[in-house]
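These notes are about the structure you will find just below.
The values are calculated or read from the model by the stated rules, or taken from the named source; none is laboratory data. Nothing here was measured: the structure is a model prediction, and the numbers come from that model. Cβ placement follows ideal geometry from the backbone for every residue including glycine, while neighbour counts extend to all protein chains displayed.
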Amino acid sequence: MVEPIQGEAGVVVPYDGYMADVKEICEKHNVLLIADEVQTGLGRCGTQLAVDYDGCKPDIVILGKALSGGLLPISAVLASDEVMLTIKPGQHGSTYGGNPLACKVATAALEVLRDEKLTDNSVARGNQLRDGLNGIIQAGVPGIKVVRGRGLLNAIIIDEPEGSYSAEGKAWEVCIAMRDNGMLAKPTHVSIIEALKPIQLLPISC
């Protein structure tokens, strides 16, 4: 089981072709490849699934959260017949799964994702965000060390000399300042800000 891009680790983007290499290793050792696309899937990274970037087809895909547009709790496990049909009648069940309302909302969310071309928007807005922040770095403005990400799954690494800020870290302080100016972001690992913007984000004006 693997995240195509590690989210909670601070948006760690692997090298191009990484997921294809993982798939090859799994096939060599007869191991199922399970892609956790809860954070990365459904347009977040600029492709329908993040594994699509490498042309990788996992044996199993896990989705959630964005599947309903964040409106209702729902998750899904996707797999081929070869995998799914190993489960025989009576071997798997749920007392609270398949909620009709949540499934209807998920269907509508997927239609919006398709009809409004939100995957393409994720690419455009993500490029705009990273280009803008990298421009700040290149201009020599202190504070930002690195910007990394794909689509609208991004991280801003704060340039934080050891011992120069509070125990919560500079990222926390920056996130509080951002909140006070109308923008929400999440700090992680002391010096990293996770910038996960909505994929329906409108063009950014400065």
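Numbers for the structure displayed
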| item | result |
| --- | --- |
| Of residues in segment 149-163 being touching a strand residue (DSSP E or B) at 6+ places or on another chain (Cβ under 9 Å) and surrounded by fewer than 18 Cβ atoms within 10 Å (Cβ to Cβ), the one nearest to residue 195 (Cα to Cα) | 157 |
| Residue ID - farthest from the chain's Cα centre (by Cα), chosen from residues in segment 14-39 that are among the small types (Gly, Ala, Ser) and outside any helix (DSSP H, G or I) | 17 |
| Residue check for residue 24: exposed (fewer than 14 other Cβ atoms within 10 Å of the Cβ), assigned by TED's automatic domain parsing to the domain that holds residue 93 and acidic (Asp, Glu) | yes |
| Hits in segment 40-56 (condition: of a type in the set (A, V, I, L, M, F, W, C) and part of a helix (DSSP H, G or I)) | 50, 51 |
| Of residues in segment 100-114 being farther than 12 Å from residue 76 by Cβ and without any contact (Cβ under 8 Å) to a residue 40 or more places away in the chain, the one surrounded by the fewest Cβ atoms within 10 Å (Cβ to Cβ) | 100 |
| Residue list for segment 57-80, filter: at positive phi, part of a loop (DSSP other than H, G, I, E, B) and surrounded by fewer than 17 Cβ atoms within 10 Å (Cβ to Cβ) | 70 |
| Residue, farthest from residue 148 (Cα to Cα), within segment 13-26, restricted to residues that are free of Cβ contacts under 8 Å to residues at least 40 places away in the same chain and among the β-branched types (Val, Ile, Thr) | 25 |
| Scope segment 171-206; condition small (Gly, Ala, Ser), at pLDDT 90 or above and within 30 Å of residue 117 (Cα to Cα); matching residues | 182, 185 |
| Selected residue (criterion: farthest from residue 46 (Cα to Cα)) from residues of segment 187-206 that are among the hydroxyl-bearing types (Ser, Thr, Tyr) and in a loop (DSSP other than H, G, I, E, B) | 191 |
| Number of the exception - residue 184 against (1) outside any helix (DSSP H, G or I); (2) in contact with a Lys or Arg (Cβ under 8 Å, 6 or more places away or on another chain) | (2) |
| Hey, residue 168 surrounded by fewer than 18 Cβ atoms within 10 Å (Cβ to Cβ), at pLDDT below 95 and more than 21 Å from the chain's Cα centre (by Cα) or not | yes |
